[in-house]
């Protein structure tokens, strides 16, 4: 992408929002919303004002996409993303341990929410079985 800033181009492959949407299965509107609320700011903008995203942004968006079906709020997503960002930069072992404990809390919450979804799905299957009898 020749219209991306040189710093972004040198940092690695970039993509416009359409490619990011295609690769994640999310709508342009959703990605723009995540940018607007600050959990997925574009890495850069072209001279024409188009959003430019990196592979790291794609990975971040995939975390967000995976949290959404489990009912995590934007605030919770923001919190987890800040923890994950800090883990990538932190060198103090005590701080790393604290951050990992926070990730474990998110994991426990995700497991609980998934278990509830499994239970709900089982009930839906039971209902479908009832309807199949007719």
Filter pass, residue 110 being at pLDDT 95 or above and more than 22 Å from the chain's Cα centre (by Cα)
no
Flag if residue 92 is modelled with pLDDT of 95 or more and either surrounded by fewer than 14 Cβ atoms within 10 Å (Cβ to Cβ) or under 12 Å from the mean Cα position of the chain (by Cα) (or both):
no
If residue 72 satisfies all but one of (1) touching a helix residue (DSSP H, G or I) at 6+ places or on another chain (Cβ under 6 Å); (2) farther than 24 Å from residue 14 by Cβ; (3) not in a helix (DSSP H, G or I), what's the number of the condition it fails?
(1)
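Name the residue, out of 113, 100, that is part of a helix (DSSP H, G or I) and in contact with a helix residue (DSSP H, G or I) (Cβ under 6 Å, 6 or more places away or on another chain).
On the way: 100 fails: in contact with a helix residue (DSSP H, G or I) (Cβ under 6 Å, 6 or more places away or on another chain).
Selected residue: 113, the only one of 113, 100 that is part of a helix (DSSP H, G or I) and in contact with a helix residue (DSSP H, G or I) (Cβ under 6 Å, 6 or more places away or on another chain).
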From the list 131, 58, 87, which one is free of Cβ contacts under 8 Å to residues at least 60 places away in the same chain and under 20 Å from residue 29 (Cα atoms)?
58
Considering only residues of the stretch 39-89 that are exposed (fewer than 14 other Cβ atoms within 10 Å of the Cβ) and more than 13 Å from the chain's Cα centre (by Cα), which is nearest to residue 20 (Cα to Cα)?
49
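Determine whether the stretch 43-65 contains at least one residue that is over 20 Å from residue 15 (Cα atoms) and either part of a helix (DSSP H, G or I) or in contact with a strand residue (DSSP E or B) (Cβ under 8 Å, 6 or more places away or on another chain) (or both).
The initial filter retains those residues of the stretch 43-65 that are over 20 Å from residue 15 (Cα atoms), namely none.
No: zero hits.
The values are calculated or read from the model by the stated rules, or taken from the named source; none is laboratory data. Predicted, not measured: the structure shown is a model, and the values here were computed from it. Note: ideal-geometry Cβ built from the backbone for every residue, glycine included; neighbour counts use all protein chains shown.
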